[in-house]
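Supplied in structure tokens, the structure appears directly below.
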């Protein structure tokens with residue numbers, strides 16, 4: 001007799017592993033986001049890690065639960081918010097008399113200005129990448145076969 005295959009949503013091992021690892025994965029995304037100023041990592045990598053955690057959650061617990069955690073409208077707003085943070089950092093540089101994304105003018109000390117500018121830009125990239133990946137996943141996962 002062939003047993004009916006267990007789906008991912010009802011597999012207790014996958015659910016347990018996901019519930020245990022979701023927090024550390026999100027924490028690692030946070031670390032990669034803020035460590036990118038000093039070493040490998042940054043906004044793009046952190047955004048991908050964050051989105052991968054949300055996608056894994058959706059695959060194991062279902063799209064509805066993931067969309068309650070991060071509603072589709074919030075993800076769409078995240079796309080624009082991250083983009084505006086990135087572009088806004090460049091515009092502020094220009095309004096302060098420098099070139100686009102010339103961070104020197106963002107603080108009285110150019111070194112601090114560079115630091116603040118790259119943190120703002122990397123945060124914008126991280127938010128945008130995570131939000132775009134989540135929006136795309138929601139769009140494809142929400143489709144129904146006919």
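Bear in mind that the values in this text are calculations on the coordinates, not laboratory data. Computed from a predicted structure; not experimentally measured. Positions of Cβ are backbone-derived with ideal geometry, glycine not excepted, and every protein chain shown enters the neighbour counts.
Note down the nm distance, to one decimal, between modelled labels 7 Å out along Cα→Cβ at residue 74 and at residue 95.
2.8 nm
Mind jotting down the distance between the C-alpha centroids of region 19-53 and region 87-126, whole Å?
23 Å
Take the Cα atoms of the chain, find their three principal axes, and give me the spread along each one in whole Å, biggest first.
75, 33, 19
Just want the ordering: 31, 57, from fewest to most Cβ atoms lying within 10 Å of their own Cβ.
Numbers: 31 13, 57 20.
Least crowded to most crowded, the residues run 31, 57.
If we count other beta carbons within 10 Å of each Cβ, what is the order of 18, 128, fewest first? Kindly include the intermediate steps, with their values, before the conclusion.
On the way: 18 18, 128 22.
Listing 18, 128 from fewest to most nearby Cβ atoms yields 18, 128.
Continuing with this model, one more query. Quick one: angle between helix 72-95 and the longest Cα principal axis of the chain, in degrees between 0 and 90, rounded to 10, please.
Long axis of 72-95 versus the principal axis of the chain: about 10 degrees.
Tell me the label-point distance for the pair residue 59, residue 114, using the 7 Å Cα-to-Cβ offset, in nm and rounded to one decimal.
The answer from the label model is 4.0 nm.
Counting helices only, and only those DSSP H runs with n ≥ 4, report the 222 nm mean residue ellipticity of the chain as the sum of -39,500 (n - 2.57) divided by its residues, in deg cm²/dmol to the nearest 500. Please report the intermediate quantities before stating the final value.
Values: 5 runs with 106 residues, N = 146.
Helix-only estimate at 222 nm: -25000 deg cm²/dmol.
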